[in-house]
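Inspection log for the structure reproduced underneath, given as structure tokens.
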Amino acid sequence: MANGLPKRWAFKFGAYYYRPHPSEKDLFDGKSWYRLGDTYPKALRKFASIKEIEAGEVLASAVDRYTVEVLPTLKPQTQASYSAALKRIRQGLGHNKVVMIKPQLVYQYMDNVSRARSMNLANTDLKVLNQVLRHCVRWGVIEQNQITGEVKYFGKRDGLKKERDRYVQDWELAAWLSVAKPQQVAFAALVLLIGTRKADTLRIMEAHIGKDALHVQDSKTGKDDPFEMTEALREAIDQARAAKPKPSLYLFPNSNGGCYVGANGRCESFDRAWRGSIAKAIKETDLEVPFTRHDLRAKAGSDAENEARAQELLRHSDPAMTRKHYRRKKQMIRPAK
């Protein structure tokens, strides 16, 4: 695997090429050098459409197969973060045989990534590497993943930055609402009532609104979450309808009447408008510290009467997730006497 590329591959003239074996030239239009693509992922997909990619002895070939077969099945935003991690893993560990991917080697790699980039990226790489090795077991490349349960993620004791604990006070919310656009105000009202994620909220359509319930598709679980149609929820929906820039099938449409959420899972125009409204609030009101759309979801969880109610509202299967990330309001501690 010269230059880190698969066997018989080369990068020249700004693109990736494959030099077919004489016995397989017919598969590649009889060419001595077959152009696969100008980027590595494109080249992999093209090669896989012609000839099966095998996960061989070295990790790089397993990463390539994972990139072609598994990565496209993941959600767009997950694909983006995993793709970057796979590239780092291939560059840093790809030359090693898969059977040699053991805890000591992985710890050395994570230390290098944490020094060069960050602990968070090192943790992401460990997560993705585990996924690749699990598939190697499935593909019959190795008998077991030797790092599962053996290599630990960086944590607070290692100096990892603690989880976000920003709690939006009521007065801060009121300050922002005084300068926010009507659609943003309606968005906040709905999220504070039902605790839905940003993209899930922006994907709500008129067809999801019934007489007795609002149905929201949970993008993480794939479940249809029905919310009882209370008076407050009905008012928030009416508020969102009144704020539509033009008639649309979506409850929160963009200026063209379409969905804010793009094919890549991002909500770029919505996010730009949000940052603009926060900047305006900081300039024109008493608000000093910015907050995100996700902080509103955390506020919904924090303001719930108890942890069980917060877990139900946020649809978490694990109460530890709710407790760790979404119960941000400081609890008053009662003295012994």
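Values quoted throughout were computed directly from the atomic coordinates according to the rules given, and no laboratory measurement underlies them. Given the structure is predicted, the values throughout are model-derived calculations rather than measurements. So basically every Cβ, Gly included, is an ideal-geometry build from the backbone, and we count neighbours across all protein chains shown.
When the dipole is taken about the Cα centre of the chain, and only Lys, Arg (+1) and Asp, Glu (-1) are charged at their Cβ, what size is it in debye, to the nearest 20?
Around 1060 debye, computed over the chain.
Quick one: go through segment 96-111 and flag any residue whose amide nitrogen is under 19 Å from the point 7 Å out along the Cα-to-Cβ line of Gln144.
Answer for segment 96-111: 98-107.
Nearest 10 degrees is fine. How inclined is helix 59-69 to the longest principal axis of the chain, computing both from alpha carbons?
Result, in degrees: 60.
Under a plain spin-label model, where a point goes 7 Å from the Cα along Cα-to-Cβ, how far apart in nm are Thr73 and Asn256?
3.2 nm
With springs only between Cα atoms under 10 Å, which of Gln184, Gln79, Gln169 fluctuates most in a Gaussian network model of the chain?
Judging by the Gaussian network model, the answer is Gln169.
Quick one: of Lys46/Lys223; Lys156/Lys220; Lys244/Lys299; Lys46/Lys102; Lys42/Lys299, which pairs are farther than 30 Å apart, Cα to Cα?
Long pairs (Cα-Cα over 30 Å): Lys46/Lys223; Lys46/Lys102; Lys42/Lys299.
Choose one answer from Tyr34, Tyr153, Tyr167: the residue with the largest mean-square fluctuation in a GNM of the chain with alpha-carbon springs under 10 Å.
Among Tyr34, Tyr153, Tyr167, the largest mean-square fluctuation in the Gaussian network model of the chain belongs to Tyr34.
Evaluate the distance, in nm, between pseudo-label points positioned 7 Å from the Cα of Arg334 and of Ala232 along their respective Cα→Cβ axes.
Each label point is offset 7 Å from its Cα along the Cβ direction, giving 2.5 nm.
Taking the Cβ of each residue in Ser114, Ser49, Ser269 as the centre, tally the other Cβ atoms inside 10 Å and list the residues starting with the fewest.
Ser49, Ser269, Ser114
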